[in-house]
Amino acid sequence: REPLLRLCLDTLTDVAISAPREHLYILGADVRYGGRMLAKSPAFTAVAVLVMALGIGATTAVFSLVNAVLLRSLPYGDPARLVYVWTPNSRLAGQMVPAELLSTWADFYDWQRLSKSFSMLTALDERMFNLTSNGTATRVHGALVMGTFFETLAVTPELGRAIDEADDQRGHEHVVVIGDGLWRTQFGGTADAIGKTLLLDRQKYTVIGVMPRDFGYPREGDVPHDISGFQKTEIWTPLALGMKDKSDRTQVNSPDVVLGRLRPGVSMARAQAEMSAIEAPLNSLYPAEWRGWGALVKPLVGTILGPVEPMLWLLLGAVTLVLLIACSNVANLLMARITGRRREMGLRTAIGAGRGWLVRQLLTESLMLAGVGGALGIFLAYGAVQILVRLNPGNIPRFDEISLDGRVLFFTVAATLLTGLLFGLMPAIAGSRVNVADLLKQGGNTGVAGSSNRSRHALIVIQVALSLILLAGAGLLIRSYLKLVETSPGFSRSTVTMKLPLDERYQKREQRVGFFRRFMEAARRVPGVNQMGAVDDIPLDHRESVGFLEVKGVSLKKNELIDLRKATPGYFQAMGIPLLNGRLFDQHDTSASPTPAIVNASFVKKYLRGHDALGTQVRLGMGDGSGPWWTIVGVIGDVKHTTLEEKPRPEVFGPLQPGFYEGQSAFAFRTTGTPGPLIASLREVLHRMDATLAFEDVRTMGERVTAASAQRRFQTALLMAFAGAAILLASVGLYGLMVYAVRQRTAEFGLRMALGASRWQVLAMILRHGLALVTTGLLIGMAGALGLTRLMTKWLYGVQATDPVTFVAVPGLILLIGLAACLIPAWQATRVDPISALRYD
């Protein structure tokens, strides 16, 4: 028995070893043969590889963007359990105020004490710091955080330690955790940064920790309606609230962000129900005119990614269409090549090769093409990613983290294999279908030609249909973008704007007023300044101030909200906002009674139809009937203040005295020259007055308009590129098909012309054949486009999803391109000598 068992084991071992060796040998033989066949057709191989590299490279680049923004986990521990908590106010429901509001710190501390759904609750205030280094101040985005902030997010510093609850106490708050970027610029990225100091707002802070490179919460886009204008946070210091701040409900003093971590097993619905029950009795503790607070629990991940997710999936879907068109193009090339190899396939079948062998060999060649195309596509994707980074619209979260990481490379490999099978399967099946008897009878002139032509025709129809869908979507976005660009924002694009925040040394009102008065007097003397003024909210700054409106003699609905702004004399002139009626503010106008007011044209249209605007009195406040009446003295033109796409809203302007409010004032300058010298001169003025202060958000209004339209421009540019690639690939594929068809039917054309057919008749016959394919593709594409473009309604501006201009121009363009692709080979067919054509094999 023992020798028999040993023999069986040895036999099984030999089979187990020899089988893989045999398969590897066969695979190696297929690869070597495929390599020789591809090398024999360098033009075909080069075109096929380039087409696949274009499709795979573009798809990989867009997937890297989707991966960085949507798929890559946020750099927090178990981010799915992190939530935002807001307190929307029912008095403001349905009006222009967003739901993401917060009441007071007093509510937050009651939530901490009463809630059971959260393992931890934390809060923060966003803040800009003046960082002084080498005698020069720069603005840095920071956050005042509670001692539980880093623990709630479940993140730890790369170096040192995080802020804890002992730091979050008055007298212990002068410590700071810094970001990776600030660590490298200020301390050279060395470990001895821990324990060193930073000068923030003229106060010394000791560095206790350095965060990892991928951490920067809150980043731009992390918090709804964030107005910081900076991409990521670089400084975190303790909040250190006093006892009065923690309990006061009589002052507007609220956190900017409240974050919670759900306990294991607690659902969003359960947390929402608990917070609503807790907030209901807290609402009654507010003064009557402030009540109406509720509770809203929203997932952090969905809040951050929700606004951009549809756009990114749209781009990935569009580039996938390009990849499909590339696949069909290569499949067309392979079908033509297989037809040329029908004699080879017939001979192999005649000497014993099975159909499975032929399919395997042809698929091996397809996968080799896809593999080389995929490898080249990775290099193209790397270049495309660098271009994408430069096109960063600035309002897509974590856009700057695009990279070709392991997940992206795995996607590329999977896409390469899938596309290799996709474009290789049809030609392989067609090439393996050989009638050996007919082949031997007719000397190799039959084979797969008929089925190949039908398949190639179908592929061309698919390419045209997909191209029309892409081009229609791109056309709608282009039309929307052009309409947006043509829309007047209501102000001069050349106006230079900037913010000037003050630090804690200017706590008293008279200190702030005095400083801003001296600055404005010095700024007016700067060469090139024609007009200047200040305002509390610059247009397109995403900062809104609202109040409850009353108009004497006009009946309004209860709790009517309106945008409220304040400006100094000279502001409207500096911004280039036209005066339509009455007068603008002058040096004699103050906030003292009687207070003058200026309204815009939308205000007059909505509230004062049939009334003379000048002299009408308005009151803005908490809606409780208190506060002084303002008298309208002027009407100005409408300004796109919130977004470029939104219709101008009614606005009321009151007189502003810079420094009246804590924090900052924004300035506008009209200059005769270029902005650069003016900005440099203003910085010199500020440096002479206080070297530890710095301007913030220095831009022309034209730059603000560009930034406001950046995301629309980004998606439009990408769709245009994809649509251009699609129509190019489709036209090349159609041209190749027509060239092949003409060569295949050369003898037929010669016979027709020998029997009396004119060259024009042959030309018309070929054009009819090509244009029939194009027309079929257009009809299918139109049906698909009419359905899919309806999903794009949210991205359109000034045009409908069924815009007739787009749906006439796009098919017309494709038809012209198709006509050109058919015309060249058709014209060449008419130049063939009939006698030579009759001898054509």
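The values are calculated or read from the model by the stated rules, or taken from the named source; none is laboratory data. Computed from a predicted structure; not experimentally measured. Counting neighbours? That spans all protein chains shown, and the Cβs are built from the backbone with ideal geometry, glycine included. Areas reflect the complete protein model, heavy atoms only, side chains present, ligands, DNA and RNA absent. Shrake-Rupley method; radii C 1.70, N 1.55, O 1.52, S 1.80 Å.
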Take the stretch 458-483 and flag every residue that is out of contact with any Gly (no Cβ under 6 Å at 6 or more places or on another chain) and either without any contact (Cβ under 8 Å) to a residue 24 or more places away in the chain or basic (Lys, Arg) (or both).
458, 479, 482
Counting only residues that are at pLDDT below 85, in contact with a helix residue (DSSP H, G or I) (Cβ under 8 Å, 6 or more places away or on another chain) and buried (at least 18 other Cβ atoms within 10 Å of the Cβ), the stretch 284-316 contains a total of 0
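Please state which one of 265, 317, 302, 306 is among the small types (Gly, Ala, Ser) and farther than 24 Å from residue 75 by Cα.
Details: 265 fails: farther than 24 Å from residue 75 by Cα; 302 fails: farther than 24 Å from residue 75 by Cα; 306 fails: farther than 24 Å from residue 75 by Cα.
The conditions single out 317.
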Looking at 380, 363, which one is within 26 Å of residue 740 (Cβ to Cβ), in a helix (DSSP H, G or I) and modelled with pLDDT of 75 or more?
363
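Scan the stretch 258-283 residue by residue and report those that are among the small types (Gly, Ala, Ser) and surrounded by fewer than 15 Cβ atoms within 10 Å (Cβ to Cβ). Full working, then the answer.
Filtering the stretch 258-283 for residues among the small types (Gly, Ala, Ser) gives 260, 265, 267, 269, 271, 273, 276-277, 280.
Within the stretch 258-283, 265, 267, 269, 273, 276, 277, 280 meet the criteria.
Would you call residue 799 at pLDDT 80 or above and assigned to a helix (DSSP H, G or I)? Walk me through how you get there before you give the answer.
Working: at pLDDT 80 or above: yes; assigned to a helix (DSSP H, G or I): no.
For residue 799, the condition - at pLDDT 80 or above and assigned to a helix (DSSP H, G or I) - is not met.
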Of all the residues that make up the stretch 388-417, how many are within 14 Å of residue 58 (Cα to Cα), touching a residue at least 40 places away in the same chain (Cβ under 8 Å) and in a helix (DSSP H, G or I)?
6
Mind listing whichever residues of the stretch 691-708 are free of Cβ contacts under 8 Å to residues at least 60 places away in the same chain and among the charged types (D, E, K, R)?
703
Picking from 110, 78, the residue that is open to solvent by 20 Å² or more (accessible area, probe 1.4 Å), of a type in the set (Asp, Glu) and on the phi < 0 side of the Ramachandran plot would be 110
Could you name every one of the helices (runs of 4 or more DSSP H) located completely within the stretch 239-326 that has at least 1 residues being in contact with a Ser or Thr (Cβ under 6 Å, 6 or more places away or on another chain) and either touching a residue at least 24 places away in the same chain (Cβ under 8 Å) or farther than 30 Å from residue 464 by Cα (or both)?
268-283
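Out of 54, 65, I need the residue that is among the aliphatic types (A, V, I, L, M), assigned to a helix (DSSP H, G or I), touching a residue at least 40 places away in the same chain (Cβ under 8 Å) and open to solvent by 30 Å² or more (accessible area, probe 1.4 Å). Which one? Step through it out loud before you land on a result.
Details: 65 fails: open to solvent by 30 Å² or more (accessible area, probe 1.4 Å).
Residue meeting the stated conditions: 54.
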Which of the residues that make up the stretch 147-174 are open to solvent by less than 20 Å² (accessible area, probe 1.4 Å) and outside any loop (DSSP other than H, G, I, E, B)?
149, 150, 152, 153
Considering only residues that are open to solvent by less than 90 Å² (accessible area, probe 1.4 Å), of a type in the set (S, T, N, Q) and closer than 19 Å to residue 684 by Cα, which ones fall in the stretch 481-530?
497
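Are there any strands (runs of 3 or more DSSP E) wholly within the stretch 538-615 with 3 or more residues that are touching a His at 6+ places or on another chain (Cβ under 9 Å) and of a type in the set (Asp, Glu), and if so which? Spell out the reasoning first.
Numbers: elements: 546-551, 561-567, 579-582, 595-600.
No strands (runs of 3 or more DSSP E) qualify here.
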